[in-house]
Structure formats: C-alpha cells, structure tokens
1. Is there a residue being of a type in the set (S, T, N, Q), assigned to a loop (DSSP other than H, G, I, E, B) and either farther than 22 Å from A:Asp99 by Cα or under 25 Å from the mean Cα position of the chain (by Cα) (or both) anywhere in region A:132-146?
2. What's the number of the condition B:Leu262 fails, among (1) at pLDDT 95 or above; (2) hydrophobic (A, V, I, L, M, F, W, C); (3) in a loop (DSSP other than H, G, I, E, B)?
3. Of the conditions (1) open to solvent by 20 Å² or more (accessible area, probe 1.4 Å); (2) at negative phi; (3) more than 8 Å from chain A (Cβ to nearest Cβ), B:Trp489 fails just one. Which one is it?
4. Would you point out which residue out of B:Ser345, B:Ser356 is in contact (Cβ under 8 Å) with a residue 60 or more places away in the chain, over 21 Å from the mean Cα position of the chain (by Cα) and either part of a helix (DSSP H, G or I) or more than 14 Å from every other protein chain (Cβ to nearest Cβ) (or both)?
5. Here are the criteria: (1) surrounded by fewer than 18 Cβ atoms within 10 Å (Cβ to Cβ); (2) more than 30 Å from B:Asn331 (Cα to Cα); (3) modelled with pLDDT of 95 or more. Tell me which single one A:Thr386 does not satisfy.
6. Would a scan of region A:178-192 turn up a residue that is open to solvent by less than 40 Å² (accessible area, probe 1.4 Å), assigned to a helix (DSSP H, G or I) and touching a strand residue (DSSP E or B) at 6+ places or on another chain (Cβ under 7 Å)?
7. Which residue is least open to solvent (accessible area, probe 1.4 Å), if the candidates are limited to region A:344-378 and must be among the charged types (D, E, K, R) and closer than 28 Å to A:Gln469 by Cβ?
There are 2 protein chains.
Amino acid sequence: MMYWKKISVMLLVCSLLHPAKAQVIKPATRPNATQQALLQRGYGMFIHFGINTFADVEWSDGTIPAARYQPDQLNPDQWVRIARDAGFRYVLLTVKHHDGFCLWDSRYTDYDVAASPVKTDVVKAVSDACKKYGLQFAIYYSLWDRHEASYKDHRAYADYMLHQLTELFTGYGTIAELWLDGGWDKKPADWYLPEIYQLVKKYSPHCAVSVNHTIVNEEDKRNYTVPGDMTTDNQYFFQYFPADFRLWDPRLANLADKKQYLHEGQSYYLPFEHTICLSKRWNWFEKSVEIPTRDLDELEELFYWCTSNQNTLVINVPPSSTGLIRDYQANAVIALGKRLGLKKSRALPQNTKRISLLQPATASSNYPDASNRYTASAINDGNMETRWASADTVAQVEMVLNDREPFDRISIFEYQDVKNDPDGFSQWRIPRIQAYSLAVYNNKEWKTIYVSDEPIGDCRVIRFPRSYQGERLRLSVTRASAPPSIYEWNVYHAKEQQQR
Amino acid sequence: MMYWKKISVMLLVCSLLHPAKAQVIKPATRPNATQQALLQRGYGMFIHFGINTFADVEWSDGTIPAARYQPDQLNPDQWVRIARDAGFRYVLLTVKHHDGFCLWDSRYTDYDVAASPVKTDVVKAVSDACKKYGLQFAIYYSLWDRHEASYKDHRAYADYMLHQLTELFTGYGTIAELWLDGGWDKKPADWYLPEIYQLVKKYSPHCAVSVNHTIVNEEDKRNYTVPGDMTTDNQYFFQYFPADFRLWDPRLANLADKKQYLHEGQSYYLPFEHTICLSKRWNWFEKSVEIPTRDLDELEELFYWCTSNQNTLVINVPPSSTGLIRDYQANAVIALGKRLGLKKSRALPQNTKRISLLQPATASSNYPDASNRYTASAINDGNMETRWASADTVAQVEMVLNDREPFDRISIFEYQDVKNDPDGFSQWRIPRIQAYSLAVYNNKEWKTIYVSDEPIGDCRVIRFPRSYQGERLRLSVTRASAPPSIYEWNVYHAKEQQQR
C-alpha cells in the first residue's frame, strides 16, 4: 500500500500547488468544482455501441473478428442530435468495452474500427457532434480487457491503458467524465488508478472520474453495499481511489442517499451517478429484436428519483447494428424531454415534494418471510430494492399522511413477475395487480379518489385535477393474479393548492 | 294517420306565422336555429338520478316505495359545479325514468321526491345551479311509465304527460333540450308527440326535442338502423315526428354520418346526439360498487368522434345514493376537460384531420366468417360497430397512407372480451393484444416508430414527439391471448409539421 500513499501525498501536493483548479478529489463535505459541474450536467445519454452490437450479445470475449463490425448507415450525428432533442446535457460513449474493441483508431491495438469495414472514428464523430449540438462529451472505458495481449501483466497493461487514454484525452477535446468498468477482474491496486486519474486531470482538469462499484463495506475487501443501503455517512469505503463520484450500475440510490465516504481515515464527498436502460430489460448493447422501452410515466418518475438529492442520471439509448438509434427509442426519450420541459431552462426540473417518505404504513397482510422483508414499511422507505408484498391477492395498504400537506399526484412502482420470451431477448412482464382503487380519509370519512381495472405494471402515475388533503391514504387491491407487491408508493405535494 | 297530418299542417302554419323564431322542425338541408344552438352547446353532462339509484338497478317497475329515495348528502349544486369545472356546456337531468318516479313535486302523482324522506325539488336545484354556473339546463323524461295508473289509456296518459311537462316547462326557466325515452312501449302515434312538441315549443321555443330510436328503416315500421349505418341521405325515416335531432342510445354515429331523414316525402336535417357512460360498462344509475371510469385516452378520442361532423355528446356522470357525484368520477371528467382545454374558449376543440379513414387496408389473416364481417377494411371504416379480427394470435395489419400527409398521433380501439364479476356490477375486461409495434414504410424501408408490451385495451392513444410521413403503416401484434380484433385504427394529421 506504500505506492497508494505516495500517490495520495503527490496528489495532495498537486492540489496545494493549484488550489484554484480544485480538480483533484480531497477530503470535503461539499461538492468541489468538478463535482459541481457533474451535478450541473445531471442528465446524460449513455451510448453503448461496439462489436457486441453486431453479435446480439451484452459481453464478448475479444475474439469476435473486427470484420463483424459493419454498420451500414453509421451516423453518430443522429445519435447526438437525438440527445440534444431529448434535452440530455451530455453523451457518454463506450469507447472500449470488456471485449477490448476500440471505437477509434488506436495506435496500440489492431482490434478497433480501423481494422473493420467501416473505419469512421466514432469517438471523433461523437465528440464533434457534441460540439456542434452544444453537449458535453464523456467516455466509458473498460479496465477489464479480454482481447489485449498484455492484460495479465498489470504494469504493462496499465501502460497500455495510459497510452490509450492519452490518445483519447489529447485527441478529442475536453472530456467531461471518465466511466471505468470491469474493475472486479483484478485487485484495485493492479489497475494503477492514481496514474490514470493523474493523466486524466492533466488533460481535462474537471473530468469526473469513477470506477463501477466504487464503494465497499470495508477497506481492502470486496464486500459491496448497494446504493439503496448507503444511508449512513462515513460508514462505507472507497474500493477504488481516487474517484470523483460513485457508480453501482444499474442500481438506484436510496432517497436518503448519503455523500460522505472514507479513504485512509479521511471523509470525501461523493455524488452518485445512476445508469439505467431506456429498455425495460437489462439491455445495454442494442439487439436485433426490438425490445420495448420503459413508458413515459416510469421514465419521468425515475428521472426525478435519480436526479434529485445531488445525484445524476444517464439513460442508455444504444444505436442498432445499422449505426442509427431506432426511431421508437428516440421518440421515447424525446417525448420524456418534452414532458419534463428539459429544453426550457438550463437547470434540470425539480419534482414537487414527496410527502409519503417514511410515513407510517400498515397492510392487511404481509407475505410470510423469516427475515420480515415484505412489511408495509418497505412501501415508502425511499429504497427501490425493498418491497411490500401481501399474503393474499386481495389486499389493502394504508399510510398516514400529514393532513396539512395537499397532494395531487401519486405514483406506484409494482413488482412484476418476468418470464423470458422464446426469442431470447424479449421478456414477458406480468403485473399482479389488475384492479385497484385509492381512497383518502379526512373528516372521519373515506373518499374514493381513483378507481382502475387496468394493471399497474412497472410504474403508474396518477394525476388528480385537484388537490387532496387527508389523514390517511389507502390503496385497495381488488383483483390480482398473485399476491400484490409494491416497491414504492409515492405521494407528491400539490403544484397548486386550489381545492374543489 | 289523419291526425298526424293535421298536426303537421298546423305546425307548418305556426312556423309560417312566426318565421323569425324558426323553432319548429321544417324540411331543410341545414341546421335551423334550434339545431344550431344544440350544436353550439355540443357537450353535456347526463345525470341519471332517481329511485333506481337507491336500489342498485338500471330500471325498476314503479313499485319501489318512494321511501327508499333518501340521499343523506343530496347536493345538486355539487353536480353542476363539477359539470362547470369539467367544461360541460349543459346538464341533462333524468326528471322521470321508466319507473315513473319524479324528481320534482308533481301535482299529478304521489310517486315523487315530495313523498320521500328527502323532499328537495331536484329539478329546481339543478336548474338553479345551472343558472348560477352559467350552464344550459336540459331534461330527460321517460314516455314509458311503469307506475302511472292512467298509462294504458293512451289519451289519458298523454294528458298526464302534458300536465307534467307544463309543470316542468313553466316552473324551471328555459329548458334547452327534452330527451324522451321508452317510446318502444307503445305505437308512436299513441304518445301524442305533436302535442308534446307543441307544448314544449310554446314555453321554450328553442328547446330541442327528440325521442330515443328516432329513425327507422321504413315509415311506420319498427325496423331500426343503428347510427353506425346511417351513411346515406334520404334513405331512413322518422319513427317519431316531430323531432329536432336523432337519438340512439348508446350507439356511436358513423364518421360519414348523414343528416337528411324523411317524413311523409319531405327531407329534414337532423344532427345526432351521442349518449355514453363515463363508466366502462353500461351503467346509467350509479351503483353501490365503484365501477372504473373509461380512461382519459378513450374519453378524449370519444369526445372528438362524437362532437365532430355536426353531432353532439352527453356523458353520463351519475350521483351515488349519497346524493353526491363520487370524487373519482368528477376527477375523470375534470381531467378530460383540462386535457381538451374545454374552458379556454366557447367553441369546442377540434381534432386534427383523420388521415386513415377508408384508406385501403390488408391483414395477415381475417377471422373466418360466412358473412365476411371481420375483414381488414373494417379497421378504418369510420364505424365503431364493425371490427377486423385475425384468425391467429400473431397478426399484422397494414393501411396505405398518403405520403404527403404528416401524422403525429395514432389511436387504436381494441375489442375486448368481457366477463361479469361476481359482485354483479363490475366486469373484467380482457385485452387480447399484449405486445405490438407500429412501423411506417417510406423510401423503401420499414421504420419501427413504436413498440409496446403493454395491452392495448379499449383505447390506446400513441403520441409521437415528431411527425412522420409514409406510404404505408403497419401494426404488428407479436403476442396476444386470443386472435386480436380492432374496431378502429385512427391516424391523425400532425399538429406541427416539423420533422427530425
């Protein structure tokens, strides 16, 4: 560990010499300039594109011939134009995935676009389009490389990475973010991250750098805490240091997400960047099958969930093997941007106040479980990993409200059963809840404010044309195909306070 | 028939004497002043309330004791306030249904509110509230009366009706519309309609009068044509004369609905008033069970369907046995009004142009049927009574488009299977289509513009954030629980012509 300490001291000296730049992570309880820029960007389009796009796979082992890469309508300008039209603030491109295939002509490998039938430098095309459309440019680079011959020699491979990153950081203008992945394949120290970090900051001083699975439960042990549980300051540790923000793809942070993380006895401020797929399933590289996108209600709710509380969001919108983003996916993110008014101001839109968080909740039954995982309190705990489940198909769940808080919007995230479709990519999502109603209790009576016999599904947003106030809110499930289960049930403060 | 002719001549003479008033239906090919006022109103709230509300039935036979009528929170002001908030232009109240129970204290019967525990004159309360909130007031009155002792003596019962209508038309200010029902229980002549018509016009000269099932296939025969088939001028006949508009509850007019109808060799102009339930099922008097409302997409599409083409729409929003309209139903119509912008101008909003109507359509298969009822052409024939059905669960249907017409909105009305719920009132609506996509063909390639794995259901509206143009449009059903079947598939001209 001596090496680490030396680097830390060196970085500290650097930062003291250039205090105005503040580009290097230092113990702090507030965002530094790099982090402020990251939070201000806030909402990016993730673009997975590469050799896997042409093989209908998520990951490959570096042996797919470069000749397979052959988009017949390659058009990175279209990708970034869609990002601009959708109101994204930056684009995050997979310049190299675990397979080692590079989207630019790298001097240090033959496994790249230059060795393929379509030699366009995609990194340049995307970074140029970002300049053209006024978006920031960010890159994803996999540490894990299943193709590169030097990979097993840690030092030699670190040099390979440093050479490639030098190409990337000197050839394509300012890079806002470096997203490193696949760290699990070697010990943290074997990646020589401090050298990577230093190189990056030399060329793009405010580039935000991180490695997937940034945080662990104990220093020097690979024992992870998911973001849904990171609700205590100074309890968890850097696995990869230095890093400017946290990553834990594709998990969602807790609404009580904390920002202070430890390294060698010091506490650092670290926001979290969410990574989600536009697609309803875990689908990073686009497939030959057209997989449905999440619907607008869910995307809107996830946008607010992920961009609130000093965290950020990237949504993956991958081009297909034609080299174009498919229209139905472009339509989904552009419609989301329109709904959110993302192009109306520089600042991202804010949700109204969530008045349901941690309010006392009770249910007609809880699904029996030795560790008591399915209790009603899971329904508004701000944690998308936990859920309430009933023991019966007919069920009621209630939460106490503050009757001085008017509300006009409710969202429900249902747990769905999932079956794999015979096509190998599609899934059948089977909502359990088929009919339900919502009622509010006020002045000693229950008033039904919503009745539906359409399934809830992944996420349903119910908007009221007036505001309500009440002491309690009840969700009655009147018909279900299996015991209903709900991740989160959100109630939002009214935009306008008028009442009928 | 001599009597009819005498009355006709008399009416003609009246109208010649008062040509400026033009309140009496005359042969014409354009709307008269009464009809113009009807079309200008255009959108009304139907209110079914009465003895049936307290017995959980649609119809009763006149033997339910008046004592059963006992709303404990009767509040007609709330009904009309909701109508106002929802942007309705008039309220149509059932002052007497087939059971004969009257919502006002009628001198001519004891079967009315005055004989019940809650003596409020509901007709007065509603007409007063209409004045207060600036809405027009209209009444539904059943010809068929299962309580009134004089009913079997046609002349005596006609006098009973004339007396009651005199009470109604002299006691409650101007009445915009008289909706007569239950005509099937006697021969048309036995209702003495010309006398009713004359009486009405005497007190409210521009009151529009009609009888349910206004039109028949042949003069003097009870052989009905549903509005979906009324696509030829001067082919069908008045069953009930005189009448100012057509009724055929609860059917929908054809988009090629015609307006010229015959009576004794003369052709009359007659718009059609649609009557639909807010509820998803045929549910006129409110039940103890809370039945779901149609969703906003369907209501919006039905609004445009029913108010276009010189026709009008009333939506039934019935108060419950408390005497109040339930909140979830008020929310549905108010949200609809907000979405349509009904309170922004006096004129009703217009739909963009439907570019799919009667375009050539083909399908991968048609459900086998001797009379060829389920062909692809049913899918855009402007007739909500006809439908295409596939022979297989996997199916495709295509329509030819004019590629110079940009579109940005598509709606699909699916035929659903329906099962009755054990509660006796609710229904299970079972969509067949579970996953589908839309693609447009242009410049020799198919482009997928929408993909969904959520059921279509009664009506799904798909809005695109850009406009498309193409030579053909394809709906691919990729998963269904039964052979898919679609009533109508509408494609609408783009609001803005910008393209990506």
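The values are calculated or read from the model by the stated rules, or taken from the named source; none is laboratory data. Keep in mind that what you see is a predicted model, and the values were worked out from it rather than measured. Note that we place each Cβ from the backbone using ideal geometry, even for glycine, and neighbour counts take in every protein chain shown. What goes into the accessible areas is simple: the full protein's heavy atoms, side chains included, and nothing from ligands, DNA or RNA. Shrake-Rupley method; radii C 1.70, N 1.55, O 1.52, S 1.80 Å.
1. no
2. (3)
3. With respect to (1) open to solvent by 20 Å² or more (accessible area, probe 1.4 Å); (2) at negative phi; (3) more than 8 Å from chain A (Cβ to nearest Cβ), B:Trp489 is out only on (1).
4. Values: B:Ser345 fails: in contact (Cβ under 8 Å) with a residue 60 or more places away in the chain.
After applying the criteria, what remains is B:Ser356.
5. The failed condition is (1).
6. So far as region A:178-192 goes, yes, one or more of its residues are open to solvent by less than 40 Å² (accessible area, probe 1.4 Å), assigned to a helix (DSSP H, G or I) and touching a strand residue (DSSP E or B) at 6+ places or on another chain (Cβ under 7 Å).
7. To start, the set of residues in region A:344-378 that are among the charged types (D, E, K, R) comprises A:344, A:346, A:353-354, A:369, A:373.
Next, only the ones that are closer than 28 Å to A:Gln469 by Cβ stay: A:353-354.
Details: A:Lys353: 115, A:Arg354: 48 Å².
The selected residue is A:Arg354.
Condition check ((1) part of a loop (DSSP other than H, G, I, E, B); (2) more than 30 Å from B:His263 (Cβ to Cβ); (3) open to solvent by 30 Å² or more (accessible area, probe 1.4 Å); (4) not assigned by TED's automatic domain parsing to the domain that holds B:Gly134) across all residues:
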residue: B:Thr34; (1), (2), (3), (4): no, no, no, no
residue: B:Leu38; (1), (2), (3), (4): no, no, no, no
residue: B:Ser60; (1), (2), (3), (4): yes, yes, no, no
residue: B:Gln73; (1), (2), (3), (4): yes, yes, yes, no
residue: B:Val80; (1), (2), (3), (4): no, yes, no, no
